[in-house]
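The values are calculated or read from the model by the stated rules, or taken from the named source; none is laboratory data. Just so we're clear, the structure is a prediction, and the values are computed from it rather than from any experiment. Cβ placement follows ideal geometry from the backbone for every residue including glycine, while neighbour counts extend to all protein chains displayed.
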Amino acid sequence: MPADLIIRNARIVTMDDRLPQASALAVKDGHIMALGREEDLKSLQGANTQLIDADGRLVLPGFTDCHVHLTSTGLDMMRLDMSACASLDDFKKMITERIDAVKAGQWILGTGYNELVLKEKRLPAMKELDAISPDNPVWLSRVDGHSCLVNSKAASELKIQESTPGVERGGAHELTGVLRADANSQARQAINGAIDKQTRREAVRNACAKLLSVGITSVHALEGGSLFCEDDVDLLIEEMENLPMHIKLFHQTTDVKKVVERGFRQIGGCLLIDGALGSRTAALCEEYADAPGEYGVLYFQDKELQEFVWEAHSKGLQITVHAIGDAAIEQIITAYEKALAKKDRPDHRHRIEHYSLPTQSQIARCVQAGIIMSVQPSWARQGPLTNATAPARLGQERIRRLYPLATLLKAGGKLCGGSDSPIAKVGPLLGISGAVNHFLEKERISRQQAVSLHTRDAAWAVFEESERGRLLPGYAADMVVLAEDVFKVPAERIAEIPLELTIVGGKIAYSAESEVDGKKG
């Protein structure tokens, strides 16, 4: 039986110890048919077999991103990107330019700002935003998504009551325009809920194209919930079979009955136990270094969380939640432990998303309970988070246990890797680079381990280890061809490796050559 596709003259790293490497690979009906030496696969070549000469390049399993808000990724691509703002002047100029391009009354939507990297180390006050945009409502989401900035017109149209928890006031008790916690969730729900279905559908397809362009062939899509929109879940259920990549959908809800009725195996995602360090909403056991008396926010009462976890656990679902600070991690570990004590499920594969600031005791308990840590290695790279935000919020002592990748692996922990797009820039090579070049030298892990977080371990984290994450006969023919070898280039250049091809189900889903030709045309 002839193959549909043969890749030859390659350095194929399978991510499986039984057959670590090969030089050729054959595909039939979307699955890997055979691997080995080029001469061994010649008999599988037919008149219609597509041949790809890799010219000695590295071939890896297609990357999985274990933490993507897919619809939101596409929607943010349509909004102002405030991440490059370095001063209040930049901030104001970007908003003014957008106002000049739209009609009076039209919303100005932006994402990605970080006040800690602005020259002035502050945001424009609400009255400053009002002066810039008196007629257009302005809504700008912070880089972490856990707080936002609005002008008076936006606050009015969003119907944000001044008594809503999270509405921030300044020294003179004036509204600053910053919304956190419940106020932030209310604003995001209103903004995202107003988007029509066609725009949402376009956003999903744009997001998929973006992910394919960085080598992602499979995503754990975390949709719905307080920071996003329930419509995202319904849309993905409709569209999933028609999308150009593999989607594992996590519904960010506590409605166990609804998830079971829909036939899903997973529940949760960014089901918020706490917030984020940058917005001082991550729940900490000790007060914030730069805000004495503040400990962040726990969004669940202990009893409420434990009842949800038990219901989902008893129904056989795989659960995952968002927990960044050590107080939040403590709350969810306790809930998992109580559920497991009532009903042992040896292979539950419950997860915690982010797991940014655990204690040694919490690490040991997670390993003991078999909890997966779904981490974002790119956050560990040197950058605004590690150079500005984290030291300011945590101080020098606690920062030494931030994103403890090597410690987790040495303790026997199970990890998988994701980006948290659109909160962070998407790209598995960014994650691999972050893990290998961790800002704490003691927490750096090997390249093999870092690649595994985004391939083999990622598949295991959603019970897909027998079909994805490796290049073996019978597995999905999802793979990437890299222009340079991630195992051999200098560590500081890993994030810069060009992607040549992304292949999904044995078909080319992205080609760098086509991209270049398209730009030329």
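Okay, residues lined up against (1) assigned to a helix (DSSP H, G or I); (2) of a type in the set (Gly, Ala, Ser); (3) under 22 Å from Ile423 (Cα atoms):
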position: Met94; (1), (2), (3): yes, no, yes
position: Ala104; (1), (2), (3): no, yes, no
position: Gly110; (1), (2), (3): no, yes, yes
position: Leu123; (1), (2), (3): no, no, yes
position: Glu128; (1), (2), (3): yes, no, no
position: Cys148; (1), (2), (3): no, no, yes
position: Lys153; (1), (2), (3): yes, no, no
position: Ser156; (1), (2), (3): yes, yes, no
position: Gln161; (1), (2), (3): no, no, no
Task: Conditions (1) in contact (Cβ under 8 Å) with a residue 40 or more places away in the chain; (2) under 17 Å from Gln362 (Cβ atoms); (3) buried (at least 20 other Cβ atoms within 10 Å of the Cβ): number failed by Gly275 - done: (2)
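Conditions tested, residue by residue: (1) under 21 Å from Ser356 (Cα atoms); (2) basic (Lys, Arg); (3) free of Cβ contacts under 8 Å to residues at least 12 places away in the same chain.
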| residue | (1), (2), (3) |
| --- | --- |
| Met240 | no, no, yes |
| His246 | no, no, no |
| Arg265 | no, yes, no |
| Thr281 | yes, no, no |
| Asp290 | yes, no, no |
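Yes/no matrix, rows are residues, columns are (1) closer than 30 Å to Val375 by Cβ; (2) of a type in the set (Asp, Glu); (3) surrounded by 15 or more Cβ atoms within 10 Å (Cβ to Cβ):
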{"site": "Ile6", "(1), (2), (3)": "no, no, yes"}
{"site": "Arg11", "(1), (2), (3)": "yes, no, yes"}
{"site": "Val27", "(1), (2), (3)": "no, no, yes"}
{"site": "Glu38", "(1), (2), (3)": "no, yes, yes"}
{"site": "Lys42", "(1), (2), (3)": "no, no, no"}
{"site": "Thr49", "(1), (2), (3)": "no, no, yes"}
{"site": "Val68", "(1), (2), (3)": "yes, no, yes"}
{"site": "Met82", "(1), (2), (3)": "yes, no, yes"}
{"site": "Thr96", "(1), (2), (3)": "no, no, no"}
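Take segment 181-200 and flag every residue that is part of a loop (DSSP other than H, G, I, E, B) and of a type in the set (Asp, Glu). Can you show your working first?
Looking only at segment 181-200, we keep the residues that are part of a loop (DSSP other than H, G, I, E, B), and these are 194-196.
Scanning segment 181-200 gives a single hit, Asp196.
Limited to segment 48-66, what total is found for residues that are over 21 Å from the mean Cα position of the chain (by Cα) and either assigned to a strand (DSSP E or B) or at positive phi (or both)?
First, pick out the residues of segment 48-66 that are over 21 Å from the mean Cα position of the chain (by Cα): 48-59.
Pick out the ones that are also either assigned to a strand (DSSP E or B) or at positive phi (or both) and you get 50-53, 55-56, 58-59.
Here the count works out to 8.
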Task: Qualifying positions in segment 311-347 - in a helix (DSSP H, G or I) and either more than 26 Å from the chain's Cα centre (by Cα) or among the acidic types (Asp, Glu) (or both) - done: Glu311, Ser314, Asp326, Glu330, Glu337, Lys338, Ala339, Leu340, Ala341, Lys342
Task: Qualifying positions in segment 358-375 - within 15 Å of Val321 (Cβ to Cβ), in contact with a helix residue (DSSP H, G or I) (Cβ under 8 Å, 6 or more places away or on another chain) and not in a helix (DSSP H, G or I) - done: Pro358, Ile371, Met373, Val375
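Residues checked against (1) over 18 Å from the mean Cα position of the chain (by Cα); (2) closer than 20 Å to Gly62 by Cβ; (3) touching a residue at least 40 places away in the same chain (Cβ under 8 Å):
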{"position": "Leu357", "(1), (2), (3)": "no, no, yes"}
{"position": "Gln362", "(1), (2), (3)": "yes, no, no"}
{"position": "Thr389", "(1), (2), (3)": "yes, no, yes"}
{"position": "Ala392", "(1), (2), (3)": "yes, no, yes"}
{"position": "Arg401", "(1), (2), (3)": "yes, no, yes"}
{"position": "Ala406", "(1), (2), (3)": "yes, no, no"}
{"position": "Leu415", "(1), (2), (3)": "no, yes, yes"}
{"position": "Lys425", "(1), (2), (3)": "no, yes, yes"}
- [ ] Check Ile352 against each of (1) within 30 Å of Ala509 (Cβ to Cβ); (2) in a strand (DSSP E or B); (3) not hydroxyl-bearing (Ser, Thr, Tyr) and name the one condition it does not meet.
- [x] (1)
TODO: Read through the list (1) at pLDDT below 95; (2) within 30 Å of Met479 (Cα to Cα), then give the number of the only condition that Lys121 fails.
DONE: (2)
TODO: Kindly provide the set of residues from segment 146-163 that are surrounded by 20 or more Cβ atoms within 10 Å (Cβ to Cβ) and among the hydroxyl-bearing types (Ser, Thr, Tyr), ordered by number.
DONE: Ser147
Task: Hits in segment 386-436 - residues which are crowded, with 21+ Cβ neighbours inside 10 Å, charged (D, E, K, R) and part of a helix (DSSP H, G or I) - done: Arg393
